[in-house]
Amino acid sequence: MSPRFVRVALDHPLPTLFDYRCDERFAPAPGMLVAVPFGKRQVVGLVCEVTTDTDVPPERLRAVDDLCVACPPLSAHWLALVAFAADYYQRGLGEVALPALPQALRDASRWARLLAPDERYRLLPAGSIALPDAVPARATALRRLAAALGEAGTLSAAEARALHPKAIATLDAWCTEGWVALDVIEAGAGYSAPAELNALQRSGALGAMQEANTPTATNASTAANTPTAQLNTPSTLPTLTDEQATAVDAIREAEGFASFLLHGVTGSGKTEVYLRALADLLARRPDAQALVLVPEINLTPQFEAAFRARFAMLPDSAIVTLHSGLAEGERARNWLAAHTGRAHIVLGTRLAVLASLPKLALVVVDEEHDPAYKQQEGLRYSARDLAVWRAKQLDVPVVLGSATPSLESWWQADQGRYRRLTLSRRAVADAVLPSVRLIDLEEERRRGRASVEGLSGPLLAALRTRLERGEQSLVFLNRRGYAPVLSCDACGWVAGCPRCSAYVVLHKPERALRCHHCGWEARIPRACPDCGNVDIAPLGRGTQRVEETLATAVPGARVLRIDADSTRRKGSAQALFSDVHAGEVDILVGTQMIAKGHDFQRVSLVGVLNADTALFSHDFRASERLFAQLMQVSGRAGRAGLPGEVLVQTRYPRHALYHALARHDYVGFATSTLSERRDAQLPPFVYQALLRAEGRTLEAALAFLQQAAATLTEIPSAERVTVYDAVPMTIVKVMHVHRAQLLVESASRGALQATLHAWQPMLRALKGVLRWNLEVDPLDI
Ligand code: ADP
Ligand code: ZN
Ligand code: ZN
């Protein structure tokens, strides 16, 4: 027998595969995981190739320690995805592939336990009838067990033991009675469509799809298996608006790859379109999988609840979430459910775009414009762009939804590459878009009108009116903390971070000064450290200060703040948002966390503070971002039929951006901004990449970039690439490290990519900096 070798991708910056010998014990195939020795450690790698020859001399060749057989191999599509991402974003294959896997799979010692079959006790109909009488009222622990089983339908052994120490013996006894069944779900096993789905489809519960459209529908053997939970019979589904119906039809009729840009104003019912598209898909192909991406972890519960309610007839494991807030074990389980095809709807944040989905047939990216889809460290990928790539590669439809599409996507639609679907009105009858009023702060001042701590008279009056009417208000400003600056009037001292070239932010509840760039913290000084003046004062306003002001300026109002500080504890954001939904809050103050996607039913007023700073940013995308944020936050007002109002405090009431906002005119804003971008030759009309360098001194970082720029002359394709001067970054120093960047761009994506590929090895040869990285399609410049 000829010797066998595997080429393995490892999580290592060298863009190469590593060869290992593989003995007869193992039958490796591409897409399988192996445990291999690397240096003095054992690491997990991904088999990319199985071959019979290698260039590595035999004495240096090491052997595979273990092969993970329980986990089905990753598909060719997934391997192609990570290979594409690695290539496009200029990283090593293993650096992309391995971090995309759940932690538990990357540790060979945990393979056995992770992939052990999952046993669950399931309540049978006979049990739900018999148990309430069979368990004596005094036996509280047993009653708890029975109740939990009744509520959840199934329990794992661990869950059961947590309720009652002798739970397993009891459950086994109930199995004998025929009240409970023990299901064994092979974690690594393939999976066929659940019987529930087939039954469901015949019952019509998935919504309005025609019989004719469901050729693969029936499987006679499951006819007896009628789902019990028919929560969504067609009659209880909302009647689609005409625009929604057109969108749903277009998605249903898509054959093969099609990119839809679902441009729907806030509250137009984009979620309902996604739900129908999912229902259509699962009705036609019960074994199919759909990937739904949302920009924020905080939005997953709202979507998950909507999906679970609509698809209540599916087993729990058919809908899973993937995001960084999950405990490691749960993330691994959910990832495996997706990988084995047991999960049909995978809902997640950007990292979910790298999930293994062997039956992927529909991709949805909600709020596709959101910058959160861009990963900002490590592999700096755009989840939206990769989502489109996956759909294209699999020849399936992708739906990009937004009230304010990114100009990149809008431009694709202008050129006919994406199909535009428009929802121009709110879905709920009577709900109209809010009226937007600009409050001219200069004029307020000239006329000597009273304001309290930066909150203008008209805004305060409007807040008080809402309180009287029992309606909710939302106050939005994109700055957390109490005040962005603490300074001394007498000598001009300003509290700065000793490690960064940045001011530190005053956090009043924590009585601390905190650097938002490196996390440095100090107590608030009693007096100016330079001159001893005790009158040091906070300058400017953050969410904490506005919260404090509102509590006194709007007497009787229950004020709640939601921002990164108030939601640091896991799960706390969820609790705070529930308070808002439950009506326990009158005024919600917060950062962009409150602006996105939430369907607040009782908010009728939105106040916007401090938006002006973004109007004059050096970043050409700042106005696009500001416009999207303001449209989003305005969209929280007046969703359920209450007339909504948006008040924007500004010094520039005549600015075109605010005028477009007041008219809800995304199209006008996009058209004029795109034409400016075209004149200035900015993205999407050119493609960009950023080389960033971090050095002990700014000179070192700049020198590295200048050398890097010089090497470009040796690359032929760089003729078509423009190289800008190396410049310090806006916050030059973070954690004592100095940072600078070099922008390169080209009208040809191909020329830029070819240049970056040729450049990488040259960059690796350069010395003098601590770190450098390349970012393709950067969002922040
Ligand atoms: P968007 O995501 O476009 O901002 P949502 O999907 O949150 O909007 O929908 C806004 C509200 O409209 C939700 O409360 C939703 O239940 C409701 N809705 C959606 N479609 C319909 C419809 N066809 N008829 C009635 N209400 C609808
Ligand atoms: Zn001083
Ligand atoms: Zn700092």
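The values are calculated or read from the model by the stated rules, or taken from the named source; none is laboratory data. Fair warning: this is a prediction, and the values are worked out from it, not measured in the lab. As a convention, Cβ positions derive from the backbone with ideal geometry for all residues, glycine included, and neighbour counts pool all protein chains shown. Just the protein is used for accessible areas: all its heavy atoms, side chains included, with ligands, DNA and RNA removed. Shrake-Rupley method; radii C 1.70, N 1.55, O 1.52, S 1.80 Å.
Assorted remarks:
- Most to least accessible of HIS369, HIS516 (protein chains only, probe 1.4 Å): HIS516, HIS369
- Ordering ALA361, ALA551, GLY668 by Cα displacement along the dipole of the chain toward the positive end leaves ALA551 in first place; charges were set at the Cβ atoms of Lys, Arg (+1) and Asp, Glu (-1).
- Exposure rank, largest accessible area first [THR722, THR340; 1.4 Å]: THR722, THR340
- The residues packed around GLY768, meaning those with a beta-carbon under 12 Å from its beta-carbon, carry a net charge of +1 if Lys and Arg are +1 and Asp and Glu are -1.
- Solvent-accessible area per residue, Å², over the chain with all protein chains present [probe radius 1.4 Å]: 44
- Accessible surface of HIS618 - all protein chains present, 1.4 Å probe, nearest 10 Å²: 130
- With K and R counted +1 and D and E -1, the other residues having a Cβ less than 15 Å from that of ALA429 yield a net charge of -1.
- Carbon and sulfur %, accessible surface of the range 227-373 computed with the full protein complex present, 1.4 Å: 51
- Largest-first ordering by accessible area, 1.4 Å probe, given options ARG113, ARG526, ARG419: ARG526, ARG113, ARG419
- Counting only lysines at least 8 places from LYS359 when in the same chain, those with an alpha carbon closer than 29 Å to its own are LYS270, LYS374, LYS392.
- Cα-based shape type of the chain, given that a ≥ b ≥ c are square roots of the gyration tensor eigenvalues and the cut on a/c is 1.5: oblate
- Proximal lysines relative to LYS733, as straight alpha-carbon distance under 22 Å, when same-chain residues fewer than 8 apart are discounted: LYS767
- Rounded to the nearest 20, the size of the Cβ-charge dipole of the range 4-112 about its Cα centre is 260 debye, with Lys and Arg at +1 and Asp and Glu at -1.
- Just the protein heavy atoms count here, and of the accessible area of the range 118-185 at 1.4 Å, carbon and sulfur take up 58 percent.
- Peptide packing for 357-363, 760-766, 51-57, 672-678 was compared via the average number of neighbouring C-beta atoms within 10 Å per residue; ordered from the highest value, the list is 357-363, 672-678, 760-766, 51-57.
- Percent accessible area from carbon and sulfur atoms, the range 673-726, protein chains only, probe 1.4 Å: 49
- Only one residue of LEU770, LEU682, LEU98 has its Cα farthest out toward the positive end of the dipole of the chain, where Lys and Arg carry +1 and Asp and Glu -1 on Cβ, and that residue is LEU770.
- Taking every DSSP beta bridge that has both ends in the chain, the antiparallel portion is near 55%.
- Rounded if a/c under 1.5, otherwise prolate or oblate - the range 49-173, Cα gyration tensor axes: prolate
- Within-9-Å neighbourhood charge of LEU506 [Cβ basis; K, R +1; D, E -1]: +3
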